[in-house]
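Undergrad: My structure is below; once you've seen it, I'll send some questions.
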């Protein structure tokens, strides 16, 4: 093998190793550095749940939020001008879903977040890859390719109203978690007995949910969850963070499973 070729391989491997090490160092610095005072004030004023979080959850949320803002690409669409307020508001709500866990990377598959001023008209592959839908007005989308699309107006409303069971950021970023194993099916990346327990619980709860809707009964989880397993997981996530008491009362097994997965217990907040 030519010496020059070996040298190029060595240089390439060394450069890759340096890049990985540099990113790890940068993430560690963001996790341990002080949370910007302006960001803290913003979240206190616009997102009521933020002030109620346990200290250890809030600290991890702040670190992940800083990483998210620095590593993900944000783009305003439909005339929306991108601002720091938009980035922090979206990032914080997205990071609440992972604030219970020690992570090496925050949403590793996610590359970009696109935001429209209000609802947007879309049609295409969405969360299910090859499926093409007719154009329709939407509040959010999550793509397996690593993109989340949101209505900024809906993101703001979801942050302000923390008890109506609807939050487009929680919903779409729950899809991102679901997609980490490459499939949008309501079963996020789990292993062994945890995966089996999850599957058994969600199959039972999904069937029970559908039966209640057929009878016309009211449910804690939004009716849109009946669409499929992926939407059931996303809407259940919304209920878990916004109506934890009711979800724990009406569907204790489902609440416990979500509590175990997210490693958070919103009832105590």
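Undergrad: Can you find even one residue in the stretch 251-259 that is part of a loop (DSSP other than H, G, I, E, B), closer than 21 Å to residue 58 by Cα and in contact (Cβ under 8 Å) with a residue 24 or more places away in the chain?
TA: So far as the stretch 251-259 goes, no, none of its residues is part of a loop (DSSP other than H, G, I, E, B), closer than 21 Å to residue 58 by Cα and in contact (Cβ under 8 Å) with a residue 24 or more places away in the chain.
Undergrad: Could I ask something else about it? Out of contact with any helix residue (DSSP H, G or I) (no Cβ under 9 Å at 6 or more places or on another chain), farther than 25 Å from residue 77 by Cα and in contact (Cβ under 8 Å) with a residue 40 or more places away in the chain: which single residue out of 180, 242 fits that description?
TA: Just a single option satisfies the conditions, and that option is 180.
Undergrad: Output the residue which, of all residues in the stretch 60-86 that are surrounded by fewer than 17 Cβ atoms within 10 Å (Cβ to Cβ) and in contact with a helix residue (DSSP H, G or I) (Cβ under 9 Å, 6 or more places away or on another chain), is farthest from residue 29 (Cα to Cα).
TA: It comes out as 76.
Undergrad: Using beta carbons and a limit of 9 Å, which pairs, at least six apart or on different chains, have the first residue in the stretch 16-41 and at pLDDT below 75 and the second one surrounded by 10 or more Cβ atoms within 10 Å (Cβ to Cβ)?
TA: Here the result reads 23/71; 23/105; 26/67; 26/70; 26/71, each pair linking the stretch 16-41 to a residue that is surrounded by 10 or more Cβ atoms within 10 Å (Cβ to Cβ).
Undergrad: Separate question: Taking the stretch 87-105 as the search range and keeping residues that are modelled with pLDDT of 95 or more and under 16 Å from residue 71 (Cβ atoms), which one is surrounded by the fewest Cβ atoms within 10 Å (Cβ to Cβ)?
TA: The qualifying residue surrounded by the fewest Cβ atoms within 10 Å (Cβ to Cβ) is 87.
Undergrad: In this structure, is residue 89 more than 30 Å from residue 269 (Cβ to Cβ) and under 16 Å from the mean Cα position of the chain (by Cα)?
TA: For residue 89, the condition - more than 30 Å from residue 269 (Cβ to Cβ) and under 16 Å from the mean Cα position of the chain (by Cα) - is not met.
Undergrad: Somewhere in the stretch 212-224, is a residue under 19 Å from the mean Cα position of the chain (by Cα) and in a helix (DSSP H, G or I)?
TA: So far as the stretch 212-224 goes, yes, one or more of its residues are under 19 Å from the mean Cα position of the chain (by Cα) and in a helix (DSSP H, G or I).
The values are calculated or read from the model by the stated rules, or taken from the named source; none is laboratory data. Since this is a predicted model, take the numbers as computed values, not measurements. Counting neighbours? That spans all protein chains shown, and the Cβs are built from the backbone with ideal geometry, glycine included.
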